[in-house]
Structure formats: structure tokens, C-alpha cells
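A short worksheet on the structure shown next.
Throughout, read-outs are computed from the coordinates displayed, never taken from laboratory work. Predicted model, so just to flag it, every value in this text is computed and none were measured.
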Amino acid sequence: MLIGPIRATRGSAAFLRRRAERLASDVSGTTVIEYVLIASLIGIAIIGGAKALGLELGRVFDSLGAALSAMAAL
């Protein structure tokens with residue numbers, strides 16, 4: 001009577017092994033994940049660049065405003 005459960009266990013183990021091998025060899029979603037990671041890194045770089053540009057632009061306008069105020073005082 002133990003032949004049935006033993007076969008079921010061996011069959012289940014073989015099924016799980018085949019399923020794990022198929023899952024490990026499946027690379028269909030990795031390309032999407034790579035593109036998402038690249039896009040997020042590009043987005044972070046754009047945000048950092050925009051922030052740095054904004055700070056520099058603020059300094060330029062501050063110095064321009066100070067120069068115009070000095071010229072108006074003459």
C-alpha cells in the first residue's frame with residue numbers, strides 16, 4: 001500500500017524540480033526589469049541635474065538682481 005504515496009511523492013518532487021528548472025531558465029521578464037531600472041536611474045539623474053541647474057540659475061538671477069540694483073542706485 002505504500003507504493004502509491006511513494007510514487008506520488010516522487011512524481012511531485014519531479015514535477016517541482018521540472019517547474020523550478022523551467023522557472024530558472026525563463027528570462028522573459030528580466031528585460032522589462034532591466035529597462036525599468038535603467039529608466040529609473042535616468043529619471044534620478046534628470047531630477048538631480050534639474051535641481052543643480054535650478055540652484056545655479058537662482059544664483060545667476062540673484063547676482064543679476066544685485067547688479068541691477070547697484071546700477072539703479074547710481
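Diffusion coefficient (Stokes-Einstein, Kirkwood radius over C-alpha pairs, 37 °C, 0.692 mPa s) for the chain: 176 µm²/s, rounded to a whole number.
To the nearest ten degrees, helix 3-25 and the longest principal axis of the Cα atoms of the chain are 30 degrees apart.
In deg cm²/dmol, rounded to 500, what helix-only [θ] at 222 nm does the chain give when every DSSP H run of at least 4 residues adds -39500 (n - 2.57) and the total is split over its residues? Walk me through the numbers before you get to the answer.
On the way: 2 runs with 67 residues, N = 74.
Here the helix-only value at 222 nm equals -33000 deg cm²/dmol.
Axis angle, to the nearest 10 degrees, between helix 30-73 and the longest C-alpha principal axis of the chain: 10 degrees.
For the pair Ile46 and Leu68, the difference between a 0.36 nm per residue extended length and the Cα-Cα distance amounts to 4.7 nm.
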